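The values are calculated or read from the model by the stated rules, or taken from the named source; none is laboratory data. What you are looking at is a predicted structure, and each value in this text was computed from that prediction instead of being measured. Because the Cβ atoms are built from the backbone with ideal geometry, glycine has one as well, and the counts that use them run over all protein chains shown.
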Amino acid sequence: MAHITVYQSGAWHEFHGCKNSLMGTEPSVVVIPEHEDKRNVAKAFAYLNTDAIVTIPELIARYIQSRGEKGLISPHVTESILGSIMADSPVPYLKMEKFRQSYIRTLADFICNFRKTSLLDLEAAIAGLKAGSLSFKEKDLIKIYREYERRLPNYGFDLRSGLAEFLRHTGENNIHRHLGIQENEGVIFLGFDYLSPLEEEFIFTVFKHIPRASFLFCAEAAAPEQAMRIRESIAALLERAKHLAVEHKILPLQRQDFFTALSGSIFKPGSPVSMKKTGALGPEVDSGVGTAESRGKATISQANSRFQEIVSIARQIRQLAEAGVALSDIRVVAPAYHIYSSIIEEVFPEYGLSFSLEQGVPLLRFPLAAVILHLVNQGVSPNPYPLREKILSSPYISFSDEVRPLDLAAYQQASGVELLSRERLNTRIKPGSCRLDFNYLRNIRQEAYRTVKPVPGIPLLEVVKRYLDGAGWKNNAEKEDHLCQCLVQFYLLARAEKTLSAWQARMSGAEFKEALQGMLDRFHIAENIGFAGDTSPALKVWQRDRAVLGRIDKLLAEMVSSLTAAGESPAEKFTLAELARIFSRLMGEASLDREEYAAGGDAGVVIQPVNRGQYEKWGYTFICGMVDGEFPAAEEFNFLQPKKEGLGLGQAYTSVDHGRSRFYHLVRSTACALFLSRPLSDNGRRLPPSPFIREIEKCVPAELPDTEGPETDACGDKLYSRREKLLFIGKNADNHYDRVRPLLKELKNEDEAFFRNVTEILRFDGLTLNAAWFSEFDGLFCQEPPPSPPTAFSLALLAEEIRNIAFTPAVLERYAACPLRFFFDDIMRLKQGPDFDPDTTEAGVLVRSILKEYTAMACVTKGVPDDAPLLFLKLIERHLKEQEQEGVDAFHVRFINGLTAGLDNQTARRRGLFCAFLEHEKNGPDFLSPYLAGMVGAVKLGNELVVRVETDRVDLAGTTGYVLPFLYTSAGAGEPGKIRRGLRFDLPLAVLLCMDYLAQKQLNLSVAGAGLYQVKTAKTVRRGGYFAISDIRSARQTGASPDLPVFSGQREGFMEREEFAQALERCKDHILRLYRLMQKGVFHLPLCFAAEQTCHNCAFARLCRKDQLRLEKLRNSVTGDALNGEKLNLVRDIF
């Protein structure tokens, strides 16, 4: 007679004290769910032997193998069966494209999951889920499923068919033999929170026929129904087993504490747990039991990012450790385990925290594994070039090959582009091995396309040739050197791509393994991960990459053995797409334990996913990543899965049900403190909070402290990591140098080279977070000498760089707008390309050059020439001849027509840009006439600065005896206010240039100012943006006359004569001040309005974004304080 004992407790860790009752004197086999880890269970229950722990699929496989069968089939065998079904069908099932690997995999996942979770036929299950007629997709699924069931016996058994075979042939006399256990052994079922129909049938069969069996499960009458909902399947099993000799034992509660009460309060309405006081690590609350031992702590916090969240957790753990808490009593639970495990591996060592990962890191999280998978997938991809670019740009990949002049000549002939003749190849190329430099090819390709701008269809090598031909070379030898290098690299790229495509269409498993190993050898992957030094980071990377290669080798061996067992013969061949799909599945499911590539992971903080750790009681629990869609997890999506009311076919519970149960166990298994945290965003994407946070808030109301930046607080908190120390130094170096000095000494003792780098940056950065502390470290706004002036060596280098700059108004304006960006762009030369400016585009340069030539002729005739339309047409015709024929497309023709429309027919209704310009010259509101063509010269400011200045035309202002220089522009009409605030210098410098010219020529004329001549569209042709005296301005168009020759409705920019002269002098002084600040090494953020910044074109905008958001507030605070007037930044009213 079978004896069945059912043990019930409120939590899994409360079974620890039942060793004698569970194990007894006779040995037992422990059966756990398939998703559980044996090592995790054996670690929690130390009296269990790992060899005695099995899963139900393992027991079924034992039975199948005892009959001489191959055992249970693997998932990729299921994919192979379904692939053959799809290939043999004359009509495409589900309208699937056969070359798409993901379609077959999705179909296999659907069928495998259904057969693991249901005992029904697929047609009956779908009919029970949906009322009415079936869709074409569902009918196709049923046909595929029936064909799969028909073909399955030829390959072996899956879990469902193996269970059916086991139930059919198992009785009381043979159950021990079928299970592969001894006659005196019992069976203990442990860890089942819920039961699938297959598991229920198996356990019920064991109950009927085994003499001694035990079943352990968790249920708590006081717990909410939502947390215990998935236990309904266990209740159904116990109901079925009532007629058997079942002894039900309920274990008594070991200890009623705060978290026991809290776990019973979540997920149900009720009064919150009363708040007693707030401790250092969170609100300390009373559980309501009334004993001092029952108090616990619960904290809810948030951070701006996942990284900052882990930094905050690391700080709290260090504080707990310093308070005497053992690290082994602390766990960090991460729902998004694959994301947080990588961040923890980076952050925790900086804080001196030892840790262990209870679950391996997914193999594809390692760059080397991803590159190897790309090597396989690019062979079957319809568009392999994106994957090949990732492969060849990887540091793990290198490609070398023999290069001979004959091979290069053949390559040129095949491509149809000749870079070097055969004679020059024989002279300059020496046979030998060369290495592919893919980064060089990528850079030259980008520059070539950006410069040449070819029409579609031109070969890449032809584009590169045009680019090299147009580059300015010192001599022909230098040009040939670049042509040789370019030709060799493109030849090697072609050889590498040919090697990447060298996959056979059909291979056996062993041939696939050999081909992949040959690919790894050809691209020198093993050599490229070679140990590069005895430093700790290099050693860790080397150990990790060697472990990844070892795991991939094991996966290939597993794949070969599986295909050999499933095939009709060991030499059976499979398509490359099928082999790639199998290999991709194995790589996606594999993980790498930290112990395999990092030492010292046995003690310390334990990092767990949410489905681990319920078997032990933990003192301190940190649950990070409390994000909706991660905890509880989002429902797995399968476009083939029929659903009804959120439940998929064959599913009795949702992911929310499982999440509630796991959260209940996490809370219940905590003893002292619970810390919940969530990130607000991830790479700019907002993350919604988990609903479990709201459940905890209902029971333990608490505010959400923001954990952003606690390490930089100047309150004297202890600093743990180098990052925290650097942030504290950067914030306090300007005003609290005495507090920074000990940290600098500490850094110097740790790494002197790093210390020198830090101090040099401090002397030049000027970046601070408060207007009151603005750049006092380098003496920018402080009357006293700085604590540590820049070294003479660094200033000498900086002065040399500044002397090499060709100063123009645009250069000075860039520095005035943002000194930090000027340092990056002009001093360090990190700028990738020019900023967008309508006047520097091809269209803007063309229009401006034509207008300059027109102005030269207009100055001769002192007015609009009679043949001005013909002049414009000739200039346009000359431009078209200079333009290459293939470079003229429809857009360019349309642009040219927009310039010339109406020039050859004055009565045409549509006017072009130049026709409108001529009309404005003749009939415009201003009494201005051409006097001088454009001038180019140098303006000397003081004895130290020379600025190259250019004007496009100088007009005579009526009968006033004044002249005004103008600049043609295709952009806006100018902002005179920026001149007053020291952000624009083009017009003041144009005035100075014109004054120097008139004085040199001794002309009896004066300069009244300068302006912009806007020639943008046919409707936008006007003068404006003046920086001039007000004596020449007419406020109304009808009031303009030879005595008031300039019409402008804008008052800004005009001033009295004395004020204009003073403004000009102050502008000169301001430019000299900027130049001297450059030489001092002042490159910081400007204190000005956001609208005056150049961030829209800046590649470094995100670097200073947080300071950018504070600028207007800082400006107002400084301007409003009269005592801090000297601390105003560069951008201010200079007149």
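Tabulated results
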item: Test result for LYS453, loosely packed, with under 13 Cβ neighbours inside 10 Å, within 33 Å of the chain's Cα centre (by Cα) and over 20 Å from PRO386 (Cα atoms); result: yes
item: Residue list for region 933-957, filter: in contact with a helix residue (DSSP H, G or I) (Cβ under 8 Å, 6 or more places away or on another chain), over 30 Å from LEU1077 (Cα atoms) and either at pLDDT 90 or above or surrounded by fewer than 19 Cβ atoms within 10 Å (Cβ to Cβ) (or both); result: ALA933, ASP952, ARG953, VAL954, ALA957
item: Meets criteria (more than 43 Å from the chain's Cα centre (by Cα) and in a loop (DSSP other than H, G, I, E, B)) for LEU48; result: yes
item: Restricting region 51-84 to residues that are assigned to a helix (DSSP H, G or I) and without any contact (Cβ under 8 Å) to a residue 60 or more places away in the chain, the residue that is surrounded by the fewest Cβ atoms within 10 Å (Cβ to Cβ); result: ASP51
item: Test set (1) outside the structural domain of VAL606 (by TED's automatic domain parsing); (2) surrounded by 14 or more Cβ atoms within 10 Å (Cβ to Cβ); (3) not in a strand (DSSP E or B) - CYS434 fails condition number; result: (3)
item: Test for ALA577: is it at pLDDT 90 or above, surrounded by 14 or more Cβ atoms within 10 Å (Cβ to Cβ), small (Gly, Ala, Ser) and not assigned by TED's automatic domain parsing to the domain that holds GLU79; result: no
item: Residue list for region 472-492, filter: not small (Gly, Ala, Ser) and not in a helix (DSSP H, G or I); result: TRP473, LYS474, ASN475
item: In region 980-1010, the residues that are more than 26 Å from TYR1075 (Cβ to Cβ) and in contact (Cβ under 8 Å) with a residue 24 or more places away in the chain; result: ASN1004, LEU1005, SER1006, ALA1008
item: Yes/no for LEU586 being free of Cβ contacts under 8 Å to residues at least 60 places away in the same chain, over 22 Å from ALA87 (Cα atoms) and assigned to a helix (DSSP H, G or I); result: no
item: Filter pass, ALA1061 being without any contact (Cβ under 8 Å) to a residue 24 or more places away in the chain and of a type in the set (A, V, I, L, M); result: yes
item: Flag if TYR440 is surrounded by fewer than 18 Cβ atoms within 10 Å (Cβ to Cβ), in a helix (DSSP H, G or I) and in contact (Cβ under 8 Å) with a residue 24 or more places away in the chain; result: yes
item: The one condition in (1) assigned to a helix (DSSP H, G or I); (2) touching a residue at least 40 places away in the same chain (Cβ under 8 Å) that VAL417 fails to fulfil; result: (1)
item: Among (1) assigned to a strand (DSSP E or B); (2) out of contact with any Gly (no Cβ under 6 Å at 6 or more places or on another chain) - the single one TYR615 does not satisfy; result: (1)
item: The lone exception for GLU199 - which of (1) at pLDDT 90 or above; (2) surrounded by fewer than 18 Cβ atoms within 10 Å (Cβ to Cβ) it fails; result: (2)
item: Matching entry among TYR411, TYR396 (being outside any helix (DSSP H, G or I), at pLDDT 90 or above and among the aromatic types (Phe, Trp, Tyr)); result: TYR396
item: Selection count where residues are under 18 Å from GLY264 (Cβ atoms) and among the aliphatic types (A, V, I, L, M), scope region 677-692; result: 0
item: Those residues of region 198-242 which are assigned to a helix (DSSP H, G or I) and of a type in the set (S, T, N, Q), in sequence order; result: THR205, SER233
item: Residue in region 286-305 that is under 18 Å from the mean Cα position of the chain (by Cα), at pLDDT 90 or above and of a type outside the set (A, V, I, L, M) present; result: yes
item: Selection from region 443-463 of residues that are assigned to a helix (DSSP H, G or I) and without any contact (Cβ under 8 Å) to a residue 40 or more places away in the chain; result: ASN443, ARG445, GLN446, GLU447, ALA448, TYR449, THR451, VAL452, LEU460, VAL463
item: Qualifying residues in region 603-640 (those that are crowded, with 19+ Cβ neighbours inside 10 Å and polar (S, T, N, Q)) - the one farthest from the chain's Cα centre (by Cα); result: GLN614
item: Count - residues of region 989-1035 that are in a strand (DSSP E or B) and either over 56 Å from the mean Cα position of the chain (by Cα) or farther than 20 Å from GLY977 by Cα (or both); result: 8
item: Of the criteria (1) at pLDDT below 90; (2) assigned to a helix (DSSP H, G or I); (3) exposed (fewer than 12 other Cβ atoms within 10 Å of the Cβ), which one LYS498 fails; result: (1)
item: Count of region 150-185 residues which are in contact with a Gly (Cβ under 9 Å, 6 or more places away or on another chain) and in a loop (DSSP other than H, G, I, E, B); result: 1
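For (1) touching a residue at least 40 places away in the same chain (Cβ under 8 Å); (2) buried (at least 21 other Cβ atoms within 10 Å of the Cβ); (3) on the phi < 0 side of the Ramachandran plot, each residue gets a yes or a no:
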{"position": "PHE348", "(1), (2), (3)": "yes, yes, yes"}
{"position": "PRO362", "(1), (2), (3)": "yes, no, yes"}
{"position": "ILE372", "(1), (2), (3)": "yes, yes, yes"}
{"position": "GLN378", "(1), (2), (3)": "yes, yes, yes"}
{"position": "PRO386", "(1), (2), (3)": "no, no, yes"}
{"position": "LYS390", "(1), (2), (3)": "no, no, yes"}
{"position": "SER393", "(1), (2), (3)": "yes, no, yes"}
{"position": "ASP401", "(1), (2), (3)": "yes, no, yes"}
